[in-house]
């Protein structure tokens, strides 16, 4: 069984190719299948996926989906060329993206990032996930539709104006939420089991996903 990714020390090889994601302004229409725009975080229902049957006998309909949700604050913070994510709901801390070649990324400067280079994504088979901005500022989220045979070219980077949140359906590929600059906080609600299925673009495909931030 492969080890879980080291999210704070991905040790990416140099010279990776880049696959450009299309960047689109999020709307109810183009988010169909991925998730929905959210006006009110309190009324957003988080889908919880029933535990799969192991054979031909089904899981009883009054069981297998009782894990509930967990809530917290997700912080997306640029430190120089490195975008960090911190998810208090599940005690997670990650490098989400880089603004420059990872091998020369410098955290000591304060220049705004011009691009994001994404090395990893995942999906949650146990439930959906809500990100709702606590500051009304634009943000971005790369998404891809379900399927373990996902490829870099399947990803679309959605841009949000910060007035509404994003609810992501179970099994949708994503990787947190991406501040365009500085530090941004989001209310996060998700399935409490917090199962993850990962794709490592650097090692599986020899590339990073790229999207412009300006």
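The values are calculated or read from the model by the stated rules, or taken from the named source; none is laboratory data. All values derive from a computational prediction rather than experimental measurement. Cβ atoms come from the backbone with ideal geometry, glycine included; neighbour counts cover every protein chain shown.
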### Summary
Selection from the range 16-43 of residues assigned to a loop (DSSP other than H, G, I, E, B) and in contact (Cβ under 8 Å) with a residue 12 or more places away in the chain yields 16, 21, 22, 26, 30, 31, 33, 34, 39, 41
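Out of the residues in the range 140-155 that are outside any loop (DSSP other than H, G, I, E, B) and more than 12 Å from the chain's Cα centre (by Cα), state the one that is nearest to residue 199 (Cα to Cα).
Of the residues in the range 140-155, the ones outside any loop (DSSP other than H, G, I, E, B) are 140-144, 152-154.
In the following step, the residues that additionally are more than 12 Å from the chain's Cα centre (by Cα) were identified as 152-154.
Details: 152: 10, 153: 13, 154: 12 Å.
Of everything passing the filter in the range 140-155, 152 is nearest to residue 199 (Cα to Cα).
Taking residue 133, is it farther than 25 Å from residue 13 by Cα, surrounded by fewer than 23 Cβ atoms within 10 Å (Cβ to Cβ), touching a strand residue (DSSP E or B) at 6+ places or on another chain (Cβ under 9 Å) and in contact (Cβ under 8 Å) with a residue 24 or more places away in the chain? Don't jump to the end; show me each part of the working.
Values: farther than 25 Å from residue 13 by Cα: yes; surrounded by fewer than 23 Cβ atoms within 10 Å (Cβ to Cβ): no; touching a strand residue (DSSP E or B) at 6+ places or on another chain (Cβ under 9 Å): yes; in contact (Cβ under 8 Å) with a residue 24 or more places away in the chain: yes.
Considered against the rule, which asks whether it is farther than 25 Å from residue 13 by Cα, surrounded by fewer than 23 Cβ atoms within 10 Å (Cβ to Cβ), touching a strand residue (DSSP E or B) at 6+ places or on another chain (Cβ under 9 Å) and in contact (Cβ under 8 Å) with a residue 24 or more places away in the chain, residue 133 comes out as no.
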### Query
Would the range 105-116 turn up any residue that is within 14 Å of the chain's Cα centre (by Cα), crowded, with 16+ Cβ neighbours inside 10 Å and either assigned to a loop (DSSP other than H, G, I, E, B) or modelled with pLDDT of 95 or more (or both)?
yes
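So which of 46, 95 ends up being surrounded by 15 or more Cβ atoms within 10 Å (Cβ to Cβ), assigned to a strand (DSSP E or B) and in contact (Cβ under 8 Å) with a residue 60 or more places away in the chain?
Details: 46 fails: assigned to a strand (DSSP E or B).
It is 95.
Farther than 22 Å from residue 164 by Cβ, surrounded by 15 or more Cβ atoms within 10 Å (Cβ to Cβ) and over 15 Å from the mean Cα position of the chain (by Cα): which single residue out of 72, 68, 80, 55 fits that description? Reasoning before the result, please.
Numbers: 72 fails: farther than 22 Å from residue 164 by Cβ; 68 fails: surrounded by 15 or more Cβ atoms within 10 Å (Cβ to Cβ); 55 fails: surrounded by 15 or more Cβ atoms within 10 Å (Cβ to Cβ).
After applying the criteria, what remains is 80.
Those residues that are on the phi > 0 side of the Ramachandran plot and part of a strand (DSSP E or B), I need them from the range 80-92; list them, please.
Going residue by residue through the range 80-92, those that are on the phi > 0 side of the Ramachandran plot are 80, 91.
Of everything in the range 80-92, nothing turns out to be on the phi > 0 side of the Ramachandran plot and part of a strand (DSSP E or B).
For the subset of the range 195-209 comprising residues that are part of a strand (DSSP E or B) and more than 14 Å from the chain's Cα centre (by Cα), which member is surrounded by the most Cβ atoms within 10 Å (Cβ to Cβ)? If you could, list the steps in order and put the result at the bottom.
Kept after step one, since they are part of a strand (DSSP E or B), are these residues of the range 195-209: 197-200, 207-209.
Those left that are additionally more than 14 Å from the chain's Cα centre (by Cα): 207-208.
Details: 207: 18, 208: 22.
Out of the qualifying residues, it is 208.
Pick from the range 77-104 the residues that are farther than 27 Å from residue 189 by Cα and in contact with a helix residue (DSSP H, G or I) (Cβ under 9 Å, 6 or more places away or on another chain): which of them is modelled with the highest pLDDT?
Taking the range 77-104 and keeping what is farther than 27 Å from residue 189 by Cα, we get 80-81, 99-104.
The next check asks that each one be in contact with a helix residue (DSSP H, G or I) (Cβ under 9 Å, 6 or more places away or on another chain); those that pass are 81, 102.
Numbers: 81: 98, 102: 95.
So the residue we want is 81.
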### Message
Condition first: more than 13 Å from the chain's Cα centre (by Cα) and surrounded by fewer than 19 Cβ atoms within 10 Å (Cβ to Cβ). Now tell me which residues in the range 160-179 satisfy that.
### Response
161, 162, 163, 164
